[in-house]
Amino acid sequence: MSRPLASFPPKCYPFGMDIQELKAVLASMGKNPNPALGQNFFTDAEKLREIAAYLPAGCAVLEVGAGLGALTRILLERADSVYAVEKDALLAAWLRDNIKHPKLTVIEGDFLDLPLPRLPANFLAAGNLPYYVTTPICERLFSLLPEQLLLMVQSEAGERFFAAPGSKNYGPIAVLAQLYYSPRRVCALTPANYWPQPQVHSVVISFEKRADAPALPPATLTAFVKTCLAMRRKTLANNLKAFPNAAQALAACQISPSARGESLTPAQFAVLYGQMQG
């Protein structure tokens, strides 16, 4: 017979759980980690504490993918408030029942289409993101324009944030990351930091908002960049032919209509978009 969720109060796990404790909690729910949701739980509490220290204290934090609260607990020690988003209904219920804290708001649902509460000004964002949805989650996070993001992503996905124009990984997520933020690698993570152990390595990346970030809505700029890159081997003139003022805008920005979108820098995308918007 499984133990009730209430038998695992937060005082048992003030800094996180080891693997046996994780297994016991999941067993109490009759649950196994779900690979389809990217459920690899962080087990190195001290490493997690070092990572969290890269976020300034005393702010509101939006956490994506709270899981069983390993990062949530550490954020609660540092933040004024934590908004923890968790898609898995069982895990969200466990968080509510076992991390009772006046600064914590648990939000159950899929971050990609979930209505969010009104977040405090200058909020931060953090999360351990599954590989298969890293890009769409980051696109939405960037559209919210947090002051800083601290994200754990798989190493391959992490390279996309730093990609240069013309490289195979260059795309909308690189444009957003470099235009609105200054990304930097904080540390590497190995499969041994997680249970179950993933087949890949991960990296922690900090994104600090740029003082010279453009006054353009990131979501609409993202859509524009995707249009420019829709057919990577085609010219900008071809990809933008649905826009009647495209030729005029390209000329005003001194960009050749025969150039390909993948050759534009993040700043050039912003200037071209602004020009086309008049």
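The values are calculated or read from the model by the stated rules, or taken from the named source; none is laboratory data. Note that the coordinates shown come from a computational prediction; the quantities given were computed from them, not determined experimentally. Virtual Cβ from ideal backbone geometry, glycine too; neighbours counted across all protein chains shown. Just the protein is used for accessible areas: all its heavy atoms, side chains included, with ligands, DNA and RNA removed. Shrake-Rupley method; radii C 1.70, N 1.55, O 1.52, S 1.80 Å.
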If one computes the Cα centroid of segment 204-252 and of segment 17-37, what distance in Å separates the two points? 43
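Out of the total accessible area of segment 150-276 (probe 1.4 Å, heavy atoms of protein only), what percent is carbon and sulfur? Present the calculation step by step, with values, prior to reporting the outcome.
Working: 3290 of 6020 Å².
Of the solvent-accessible surface of segment 150-276, carbon and sulfur hold 55 percent.
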In what sequence, largest accessible area first, do PHE162, PHE41 appear using a 1.4 Å probe? PHE162, PHE41
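What dipole magnitude, in Debye to the nearest 20, does the chain give about its Cα centre under +1 on Lys/Arg Cβ and -1 on Asp/Glu Cβ?
Working: 26 positive and 21 negative charges, 107 e Å.
Using Cβ point charges on Lys, Arg, Asp and Glu, the chain gives about 520 debye.
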Segment 187-278: relative contact order as a whole-number percent, Cα under 8 Å and 6+ apart: 23
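Magnitude of the Cβ-charge dipole of segment 59-216, K/R +1 and D/E -1, about the Cα centre, nearest 20 debye?
Working: 14 positive and 15 negative charges, 51 e Å.
Computed charge dipole of segment 59-216: roughly 240 debye.
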Can you pull out the trypsin sites (Lys or Arg not before Pro) in segment 9-97 that DSSP calls coil and that have at most 15 other Cβ atoms within 10 Å? LYS31
In a Gaussian network model over the chain where Cα atoms closer than 10 Å are linked, find which of PRO117, PRO198, PRO266 has the largest mean-square fluctuation. PRO117
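Measuring with a 1.4 Å probe in the full set of protein chains, what accessible area per residue, in whole Å², belongs to segment 126-216?
On the way: 3700 Å² over 91 residues.
I get 41 Å² per residue for this part.
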Once the in-chain neighbours fewer than 8 apart are removed, the lysines whose Cα is under 18 Å from LYS23 read LYS11, LYS31
Applying the Karplus parametrisation 6.51 cos²θ - 1.76 cosθ + 1.60 with θ = phi - 60° to the phi angles of segment 151-167, what ³J(HN,Hα) value in whole Hz is obtained for each residue in order, glycine and proline being reported as x? 10, 9, 9, 5, 4, 4, 5, x, 5, 5, 5, 9, 4, 9, x, x, 7
Using modelled amide H (1.01 Å from N, peptide plane; none on Pro or chain starts), what sits under 5 Å from the amide H of VAL61, excluding residues fewer than 5 places away? SER81, VAL82, TYR83, LEU124
May I ask which residue of LEU144, ALA70, ALA27 lies farthest towards the positive end of the charge dipole of the chain, with charges of +1 (Lys, Arg) and -1 (Asp, Glu) on Cβ and the Cα centre as origin? LEU144
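Among the trypsin sites (Lys or Arg not before Pro) in segment 112-188, which ones are in a DSSP loop with at most 10 other Cβ atoms within 10 Å of the Cβ? Mind listing them?
Sparse-neighbourhood loop trypsin sites (Lys or Arg not before Pro): ARG118, LYS168.
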Looking at TYR132, ALA259, PRO56, which one has the Cα that reaches farthest to the positive end of the dipole of the chain (charges on Cβ: Lys, Arg +1; Asp, Glu -1)? ALA259
Using a 1.4 Å probe and ignoring any ligands, DNA or RNA, find the accessible area of ASP88 and quote it in Å² to the nearest 10. 20
Any idea which of LEU104, GLN199, GLY274 is furthest toward the positive side of the dipole for the chain, if Lys and Arg beta-carbons carry +1 and Asp and Glu beta-carbons -1? GLY274
For the chain, modelled as a GNM with alpha-carbon contacts under 10 angstrom, which of GLN20, GLN154, GLN178 fluctuates the most? GLN20
Tell me what the chain gives for mean residue ellipticity at 222 nm when only DSSP H runs of n ≥ 4 count, each as -39,500 (n - 2.57), the sum divided by the residue total, rounded to 500 deg cm²/dmol. -9500 deg cm²/dmol
For Cα pairs less than 8 Å apart in space and 6+ apart in sequence, what is the mean separation divided by the residue count of segment 152-208, i.e. the relative contact order in percent? 41
